[in-house]
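Single-structure report; data block below.
Laboratory data are not the source of any read-out in this text; all were calculated from the coordinates shown. In this text the structure is predicted, and so the values were computed from the model without any measurement. Neighbour counts run over all protein chains shown; Cβ positions are idealised from the backbone, glycine included.
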Amino acid sequence: MTRHGWLSWPIHRPRVVLLAAVMICGLSIISAVRLTPNVSLSAMLADDAPSAAAMQRIADRYRAMDQLLLVASVPGSIEQAQSRAMLLAFAQRLEQRVAEDAAVSAMITRISYGIDDDDPEQQFVRDVIVPNMLVYVDEADFDRARERLTLDAMREQISHNETMIAAPGPAAGSLSRQLLRDPLRLREMLSLDALSPQDDDAFFSEDGRSLLVRITGVKSAGHLQFTDDLLAAVQTTTEAVNEDQLVLEYAGAYAIAAASHHAIRSDMIRSVIGSVL
């Protein structure tokens, strides 16, 4: 066939050309619909970077990132004590409702709204940060800790500990247990007080009007279908126990992954349809 023949072939067979174009467009749309975005952390990090590999190990071991963060806030002007009570009651109702619903509880490994020893973050602090805490401090804190480790400073601190333990009162027993764990009180010298549970260990905001509830799923946020199912189940459950009409906001890995993959897929579908048109 001559060059002119090749060029004129679509003109002489318009039906075949249109049918082929429709088939190609249909296959393109089907391919775009079947695309599954990868929102896992490993897909975002370079394989040959040591820092990326360390970050991936932290994510895999402690599951600190695969969480759905629910922030419940009290609307209007309510006293702090009353708002804190309302928020704690909401979190307790949510925890109880999840435990009673077999379908929802099968998707969740833990719900936490306060500090406890089983938290992945607490395990990371205990297993990694505290044994290597000198890496995490600035020069001023390091100098203060080094001064505390001199012989005279250690003798002075031990003498001070003996005086505090000998003081009468019910607090002496608790104080002695704390001093046995850290007799030189290096924790406070290294500005690590914030890592220890306080008297009020719930995740309240500073004004006491918001509470953070952390929900960990049985699968990672990279499982997009599971992410959608978990988010929908949690939203239904929280709305059912929201008796005080609290303002509920969702964040964290699951919420971000769900929003991202829906946005990516819809953008690609619109792009294909626009190209066809």
Exercise. How much length is gained on full extension from ALA140 to ASP101, taking 0.36 nm per residue of separation minus their Cα-Cα distance?
Worked result: 8.9 nm
For this session: Can you pull the one-decimal nm distance between simple spin-label points at ILE264 and ASN242, each 7 Å off the Cα toward Cβ?
Result: 2.8
Exercise. With θ set to phi - 60° and the Karplus curve 6.51 cos²θ - 1.76 cosθ + 1.60, what are the ³J(HN,Hα) couplings of the range 254-262 in order, to the nearest whole Hz, using x for Gly and Pro?
Worked result: 5, 5, 5, 5, 4, 5, 5, 6, 5
Seminar exercise, completed: Ordering 87-98, 143-154, 6-17, 250-261 by per-residue average of other C-beta atoms within 10 angstrom, highest first, gives 250-261, 87-98, 143-154, 6-17
Seminar exercise, completed: FRET efficiency (ASP207, ILE24; Cβ distance; R0 51 Å; to 0.05) is 0.30
